[in-house]
1. Six or more apart or on different chains, Cβ under 9 Å: which pairs go from a residue in region A:79-100 that's within 14 Å of residue A:28 (Cβ to Cβ) to one that's open to solvent by 20 Å² or more (accessible area, probe 1.4 Å) and hydrophobic (A, V, I, L, M, F, W, C)? Could you list them?
2. Hey, among B:63, B:90, which residue is at pLDDT 95 or above and touching a Phe, Trp or Tyr at 6+ places or on another chain (Cβ under 6 Å)?
3. Would you check which residues across region B:83-112 are open to solvent by 20 Å² or more (accessible area, probe 1.4 Å) and closer than 11 Å to residue B:33 by Cα and list them?
4. Determine whether region A:60-69 contains at least one residue that is among the polar types (S, T, N, Q) and within 13 Å of chain B (Cβ to nearest Cβ).
5. Has region B:38-57 got at least one residue that is more than 14 Å from chain A (Cβ to nearest Cβ) and over 15 Å from residue A:100 (Cβ atoms)?
6. Of these, B:8, B:24, B:32, which one is polar (S, T, N, Q) and either facing chain A (nearest Cβ under 10 Å) or under 21 Å from residue A:58 (Cβ atoms) (or both)?
7. Of (1) more than 14 Å from chain B (Cβ to nearest Cβ); (2) in contact with a strand residue (DSSP E or B) (Cβ under 7 Å, 6 or more places away or on another chain); (3) within 25 Å of residue B:106 (Cα to Cα), residue A:35 satisfies all except one. Which?
8. For region B:97-111, indicate whether the set of residues that are away from every other protein chain (no Cβ under 14 Å), farther than 17 Å from residue A:37 by Cβ and in contact with a strand residue (DSSP E or B) (Cβ under 9 Å, 6 or more places away or on another chain) is non-empty.
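The values are calculated or read from the model by the stated rules, or taken from the named source; none is laboratory data. If you're wondering where the values come from, they're calculated on a predicted model, not measured in any experiment. Positions of Cβ are backbone-derived with ideal geometry, glycine not excepted, and every protein chain shown enters the neighbour counts. Accessible surface areas use protein heavy atoms only, side chains included; no ligands, DNA or RNA. Shrake-Rupley method; radii C 1.70, N 1.55, O 1.52, S 1.80 Å.
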Amino acid sequence: DTAVSQTPKYLVTQMGNDKSIKCEQNLGHDTMYWYKQDSKKFLKIMFSYNNKELIINETVPNRFSPKSPDKAHLNLHINSLELGDSAVYFCASSQGGSSTDTQYFGPGTRLTVL
Amino acid sequence: AQSVSQHNHHVILSEAASLELGCNYSYGGTVNLFWYVQYPGQHLQLLLKYFSGDPLVKGIKGFEAEFIKSKFSFNLRKPSVQWSDTAEYFCAVNARGTGRRALTFGSGTRLQVQP
């Protein structure tokens, strides 16, 4: 069983569209994250949720809106897509509640905005 | 805020050569340290981690890393690389005691192992 899964794996869309990426973890973790990996492979945190509550919201355009319907899911909705949004988006999860957490990553969603 | 530097951006080695990838972090407090590997087209996998205790940690696939607090370093080593080690390697840290669990990553090192 995949511990952290994301759908879709690839997403190609036009500028201006709205799209969503879904993430699910079956590890029983309390904390979930979204990271963005740019074309130079640099990874940066976007959001973090703990028990459905937003705890980290980095400097990300408000076109990006995370939603956590329950603690096993963290979806990312992006409005009015721009060329610069093209990247690989990784979801991750960790147990939370401990200063020695380990994060486990999903397979990534490669978003291409044309 | 913490930051991470990986000085080697691209390393090319022959099989059986020894590997050392540098990682330095900047943060005044206590940190957790991680090395992740990303094989071509795949997700990030945890290689090893350091929280406390013995500063020499062993991970999967024969990798190890040494935490040197005085140098703010956490270098990754492997005595003999294989072609299958070709991948991108990321060092990451998070600060303990802040409640902020997000990882801060280095820019990555691309390792290319030639047969």
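1. Once the first residue is within 14 Å of residue A:28 (Cβ to Cβ) and sits in region A:79-100, its partners that are open to solvent by 20 Å² or more (accessible area, probe 1.4 Å) and hydrophobic (A, V, I, L, M, F, W, C) give A:93/A:3; A:93/A:27; A:93/A:72; A:94/A:27; A:95/A:27.
2. Details: B:63 fails: touching a Phe, Trp or Tyr at 6+ places or on another chain (Cβ under 6 Å).
Going through B:63, B:90 in turn, the sole match is B:90.
3. Within region B:83-112, the subset open to solvent by 20 Å² or more (accessible area, probe 1.4 Å) is B:83-84, B:86, B:88, B:96-101, B:104, B:107, B:110, B:112.
Within region B:83-112, B:96, B:104 qualify.
4. Within region A:60-69, the subset among the polar types (S, T, N, Q) is A:62, A:65, A:68.
Next cut, within 13 Å of chain B (Cβ to nearest Cβ) only: none.
No.
5. yes
6. Numbers: B:8 fails: either facing chain A (nearest Cβ under 10 Å) or under 21 Å from residue A:58 (Cβ atoms) (or both); B:24 fails: either facing chain A (nearest Cβ under 10 Å) or under 21 Å from residue A:58 (Cβ atoms) (or both).
None of the other options fit; the residue is B:32.
7. With respect to (1) more than 14 Å from chain B (Cβ to nearest Cβ); (2) in contact with a strand residue (DSSP E or B) (Cβ under 7 Å, 6 or more places away or on another chain); (3) within 25 Å of residue B:106 (Cα to Cα), residue A:35 is out only on (1).
8. Taking region B:97-111 and keeping what is away from every other protein chain (no Cβ under 14 Å), we get none.
Checked region B:97-111: no residue is away from every other protein chain (no Cβ under 14 Å), farther than 17 Å from residue A:37 by Cβ and in contact with a strand residue (DSSP E or B) (Cβ under 9 Å, 6 or more places away or on another chain).
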